[in-house]
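Structure, as structure tokens:
The values are calculated or read from the model by the stated rules, or taken from the named source; none is laboratory data. If you're wondering where the values come from, they're calculated on a predicted model, not measured in any experiment. So basically every Cβ, Gly included, is an ideal-geometry build from the backbone, and we count neighbours across all protein chains shown. Side chains included, ligands, DNA and RNA excluded: accessible areas come from the protein's heavy atoms. Shrake-Rupley method; radii C 1.70, N 1.55, O 1.52, S 1.80 Å.
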Amino acid sequence: MRIARFATDEGMSFGVVEENTVAAIAAHPFGDLAFTGQRYPLTDVRFLAPILPSKIIAIGKNYAEHAAEMGSEAPAEPLIFGKPSTAVIGPGEAIAYPQKLSERVDYEGELAVVIGRMCREVPAARAADVILGYTCANDVTARDLQARDGQWTRAKGFDTFCPLGPWIETEADPSDLEIITTVNGEVRQRARTSRLMHTIPALVEYVSQVMTLLPGDVILTGTPAGVGPLEIGDEVTVTVEDIGGLTNRVVARD
Ligand code: MG
């Protein structure tokens with residue numbers, strides 16, 4: 001099932017995407033879904049970020065090949081950091097390049113986990129019980145600021161630096177999906193999620209030992225090798241097999 005958040009002339013709603021339509025659901029997509037009976041052709045809706053998380057927890061260097069290209073070893077324990085909720089944008093929205101503050105902004109295509117219920121101290125074996133589904137993410141990063149600051153809040157936290165979408169796929173098996181990032185149609189990253197060093201169940205256990213996870217919270221699982229710069233005017237697409245594609249263009253920040 002593909003759960004989306006979308007806008008129409010009448011407002012915004014969550015819904016379930018079927019072939020050419022989206023069936024609206026009342027309130028929120030957690031627990032039993034309450035269908036309103038309203039249905040919209042896909043041509044009449046604009047997809048939004050599929051969820052507005054209370055927090056986004058991201059994993060650094062979770063593919064060995066990416067850790068190597070950054071000149072470091074892959075950490076033995078997951079390396080976690082946060083991105084603010086205000087960084088989230090949806091499919092088709094613009095990534096605003098903060099050209100007054102940074103000269104190097106990178107894409108990072110990632111598989112994102114969306115949490116479905118409030119939870120803490122979740123054993124890895126129970127992780128599936130708290131996961132609503134999966135979506136595509138771009139962990140946009142001001143690489144020069146990341147290096148200069150020594151920690152990552154500023155580099156990862158700009159408005160628009162967390163594109164999510166196009167929807168939450170609830171039935172995908174995330175253990176071995178191809179993930180591809182293209183810039184202007186050219187492939188820059190191509191990997192499989194089977195190369196994740198810390199698996200999704202392990203990440204849910206690890207993060208939930210630290211903090212309570214709320215419905216809609218997002219865990220970014222890390223980016224594979226091949227990160228590189230974006231320029232103003234570029235169009236970047238993150239595609240995850242069995243989930244979909246997330247495209248955003250880059251504009252100069254006002
Ligand atoms: Mg990342």
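Given Gly90, Gly15, Gly71, Gly37, which one is in contact (Cβ under 8 Å) with a residue 60 or more places away in the chain and not acidic (Asp, Glu)? Working first, answer last.
On the way: Gly15 fails: in contact (Cβ under 8 Å) with a residue 60 or more places away in the chain; Gly71 fails: in contact (Cβ under 8 Å) with a residue 60 or more places away in the chain; Gly37 fails: in contact (Cβ under 8 Å) with a residue 60 or more places away in the chain.
Answer to the selection: Gly90.
I'm trying to understand the selection: among the residues of the range 192-232, which are within 16 Å of the ligand (Cβ to nearest atom) and among the β-branched types (Val, Ile, Thr)?
Scanning the range 192-232 gives Thr193, Ile200, Val207, Val218, Ile219, Thr221, Thr223, Val227.
Tell me, which residue of the range 17-32 that is farther than 21 Å from Asp217 by Cβ and touching a strand residue (DSSP E or B) at 6+ places or on another chain (Cβ under 7 Å) is surrounded by the fewest Cβ atoms within 10 Å (Cβ to Cβ)?
Across the range 17-32, the extreme among qualifying residues is Asn20.
Quick one: which residue in Asp106, Asp144 is open to solvent by less than 10 Å² (accessible area, probe 1.4 Å), acidic (Asp, Glu) and either away from the ligand (no atom under 16 Å from the Cβ) or in contact (Cβ under 8 Å) with a residue 40 or more places away in the chain (or both)?
Asp106
For the range 62-82, give me each residue that is within 11 Å of the ligand (Cβ to nearest atom), over 13 Å from Leu203 (Cβ atoms) and open to solvent by 50 Å² or more (accessible area, probe 1.4 Å).
Within the range 62-82, Met70 is the sole residue that qualifies.
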